[in-house]
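What follows is one structure encoded as structure tokens, with my remarks underneath.
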Amino acid sequence: MPNIIDFINNINSYFLEMAAENHDDLNLYDGEFEDNIKKHAETSIKNENITSAEIYKELESSINSLTESSEISETERDQVIKARIGQMFFKKALLHVEKKCKLCGVSSESFLIASHNKPWSKSEYRERLDVNNGFLLCPNHDVLFDKGYISFKNNAEISISDDLDEVSKVFLDIDNKLKIQMNNIQQQYIKWHRDNVFLRKIV
């Protein structure tokens with residue numbers, strides 16, 4: 001198993017490369033958020049607290065859990081850890097744009113999940129940290145969205161799967177009147193979610 005320092009250096013290099021690539025794509029982010037997100041990508045990677053504490057903690061947790069399985073190769077472990085650290089940076093980027101659950105308004109950072117519209121595993125290199133490719137959601141709504149029980153139409157109105165029963169709708173605070181705000185790029189990502197994740201039919 002590689003030394004923990006080697007993992008940190010490997011992942012820092014990974015995100016420095018991502019930040020550099022994002023700098024070259026001025027259409028990646030919308031309007032006033034573009035510079036903020038690009039600066040955040042740089043400063044987060046270089047920030048001593050994040051590098052030495054949060055990333056180390058995430059790496060240590062990931063390594064401990066992954067080393068328990070002898071079926072996972074070193075390359076696979078590296079890929080999983082990169083994805084987990086990527087999720088951390090993705091959430092921090094989203095928090096610069098949104099401060100609460102897109103659907104219910106929960107604002108405690110501890111209960112907010114950065115949910116990809118087009119999943120990390122299906123996204124291209126640049127899409128993975130694009131803030132337009134995700135929403136902040138509370139745990140209940142994240143599960144519904146991730147499992148395809150809800151999605152959103154082109155007009156930003158919620159779509160609810162027939163597979164979600166009425167009792168669950170009540171307890172999970174979901175109804176057909178919900179509507180969110182989306183920009184044009186978010187609509188493209190949501191279309192992917194609607195076409196590939198959402199459980200038809202639309203209510």
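The values are calculated or read from the model by the stated rules, or taken from the named source; none is laboratory data. Note that the coordinates shown come from a computational prediction; the quantities given were computed from them, not determined experimentally. Quick reminder, even Gly has a Cβ in these numbers, built from the backbone with ideal geometry, and neighbours come from all protein chains shown.
Observations
- Test: residue 150 is more than 18 Å from residue 95 (Cα to Cα), hydrophobic (A, V, I, L, M, F, W, C) and in contact (Cβ under 8 Å) with a residue 40 or more places away in the chain: yes
- The range 163-191: number of residues that are of a type in the set (Phe, Trp, Tyr) and either part of a loop (DSSP other than H, G, I, E, B) or out of contact with any helix residue (DSSP H, G or I) (no Cβ under 8 Å at 6 or more places or on another chain) (or both): 1
- Within the range 121-132, the set of residues being in a helix (DSSP H, G or I) and either at pLDDT 95 or above or surrounded by fewer than 17 Cβ atoms within 10 Å (Cβ to Cβ) (or both) comprises 121, 122, 125, 126.
- Residue within the range 100-118 that is part of a loop (DSSP other than H, G, I, E, B), exposed (fewer than 15 other Cβ atoms within 10 Å of the Cβ), hydroxyl-bearing (Ser, Thr, Tyr) and at pLDDT 70 or above present: yes
- Test result for residue 190, surrounded by fewer than 17 Cβ atoms within 10 Å (Cβ to Cβ), in contact (Cβ under 8 Å) with a residue 60 or more places away in the chain and under 14 Å from residue 102 (Cα atoms): no
- Residue 135 meets all of the listed conditions (1) touching a Gly at 6+ places or on another chain (Cβ under 8 Å); (2) assigned to a strand (DSSP E or B) but one, namely (1).
- The range 98-128, residues that are closer than 19 Å to residue 84 by Cβ, touching a Leu at 6+ places or on another chain (Cβ under 9 Å) and hydrophobic (A, V, I, L, M, F, W, C): 112, 113, 114
- Hits in the range 168-203 (condition: of a type in the set (Asp, Glu) and in contact with a Leu (Cβ under 9 Å, 6 or more places away or on another chain)): 173
- Test: residue in the range 176-186 that is free of Cβ contacts under 8 Å to residues at least 40 places away in the same chain, closer than 19 Å to residue 97 by Cα, of a type in the set (S, T, N, Q) and out of contact with any strand residue (DSSP E or B) (no Cβ under 7 Å at 6 or more places or on another chain): yes
- Residue within the range 134-154 that is of a type outside the set (A, V, I, L, M) and over 27 Å from residue 84 (Cβ atoms) present: yes
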